[in-house]
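Here is the structure we will look at, set down as structure tokens.
The values are calculated or read from the model by the stated rules, or taken from the named source; none is laboratory data. Remember, it's a predicted structure, so these values are computed and weren't measured experimentally. No Cβ is skipped: glycine too gets one built from the backbone with ideal geometry, and neighbour counts run over all protein chains shown.
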Amino acid sequence: MSSPRLPPAILIMGPTASGKTAVAMALADRFPVELISVDSAQVFRDMNVGTAKPDAATLERYPHRLIDIISPEESYSTARFRDDALATMAEISAAGKVPVLVGGTMLYFRSLLQGLAELPKADPALRAEIDADAAQLGWPAMHQKLAAFDPLTATRLHPTDSQRIQRALEVCRLSGRPMSALLAESGQMRPPYDFLSIGLLPSVRTTLHERIARRFDEMLLGGLNDEVRHLRQKYNLNLNLPSMRCVGYRQTWEAQDGLLPASELRDRGIFATRQLAKRQITWLTNSFESENFDCLAPALSEKIAGRVAGFLSA
């Protein structure tokens, strides 16, 4: 006799501005699913405009789990995401529905599918040493150092991604091994689900860039500057917090404080978002076994719905 099928789960992965939310909502209109956000920025309360968070009316019609769950003053770890996602998936499956996890935080997706390696704990003294080196040499030079020892991790990080470069260098120096190798040896098992992994990738990168520019313009018109001012008044924030490291928020803060000419905010924000999309595409193409669809194709939601229908009826 064949073994019973594991409960189904669907992953919708893609770069920013690839249309993930629209696809997820189309699936919710057709199938017995519930949506789970996989977005490291949308976990923060009161960060709505700059995270492209669905508005209140949309969330009322299409509820998303793991949105608005912490203060911008807090941090949300990959390990916590995995625990929260697995607990939420279990609730949805127990209710006879199918969890659909949708977002662009590829590290979260990887942690869900592959587990988390036992990495060395943070070492404040070593971090201070790495920061001192970075202050003298610059983070691009630190990125080159990382690339010499752990090229796989370095390819996934932007040369100015100070937080992640610092952590990767710290892990390498504490363990004597590349962080990528430690992650590959994760001992945790793949969750007990039958996954359908769908990737949204652009057939024309420049068209995605145009979408990114339009969306950032909409954020500026929609009150991104006012949102950042409100956040700074309401919460005890600084530029080193994960919430304010989010694309768009850092650039807006810097423009408000005169660290960045106001006339350059738009271009800097669009450039940073394009770099984010590039990293997301690299992760998606190199780290996941997904069925990829052209996110620019006509009738994208219908095509994916057809695939989902076949998956759920199998």
_So for the stretch 220-228 (the condition being outside any helix (DSSP H, G or I), in the same structural domain as residue 69 (by TED's automatic domain parsing) and under 18 Å from residue 158 (Cβ atoms)), does at least one residue qualify?_
no
*Starting from the stretch 224-243, keep only residues that are more than 14 Å from residue 257 (Cβ to Cβ), then list their pairs with residues that are assigned to a helix (DSSP H, G or I) and of a type in the set (Val, Ile, Thr) whose Cβ atoms are within a distance under 9 Å, requiring at least 6 positions of separation or different chains.*
224/252; 227/252
*Given the conditions (1) of a type outside the set (A, V, I, L, M, F, W, C); (2) surrounded by fewer than 22 Cβ atoms within 10 Å (Cβ to Cβ); (3) within 15 Å of the chain's Cα centre (by Cα), which single one is not true for residue 83?*
(3)
_Yes or no: the stretch 256-272 includes at least one residue that is closer than 17 Å to residue 204 by Cα, in contact (Cβ under 8 Å) with a residue 24 or more places away in the chain and in the same structural domain as residue 106 (by TED's automatic domain parsing)._
no
*Could you tell me whether any residue of the stretch 176-187 is in a helix (DSSP H, G or I), out of contact with any strand residue (DSSP E or B) (no Cβ under 9 Å at 6 or more places or on another chain), surrounded by fewer than 17 Cβ atoms within 10 Å (Cβ to Cβ) and of a type in the set (Ser, Thr, Tyr)?*
no
*Please note which helices (runs of 4 or more DSSP H) are completely contained in the stretch 74-173 and include at least 1 residues that are under 30 Å from residue 23 (Cβ atoms) and in contact (Cβ under 8 Å) with a residue 24 or more places away in the chain.*
78-94, 106-114, 151-155
*In the stretch 176-230, which residues are modelled with pLDDT under 95 and within 20 Å of the chain's Cα centre (by Cα)?*
179, 180, 183, 184, 190, 191
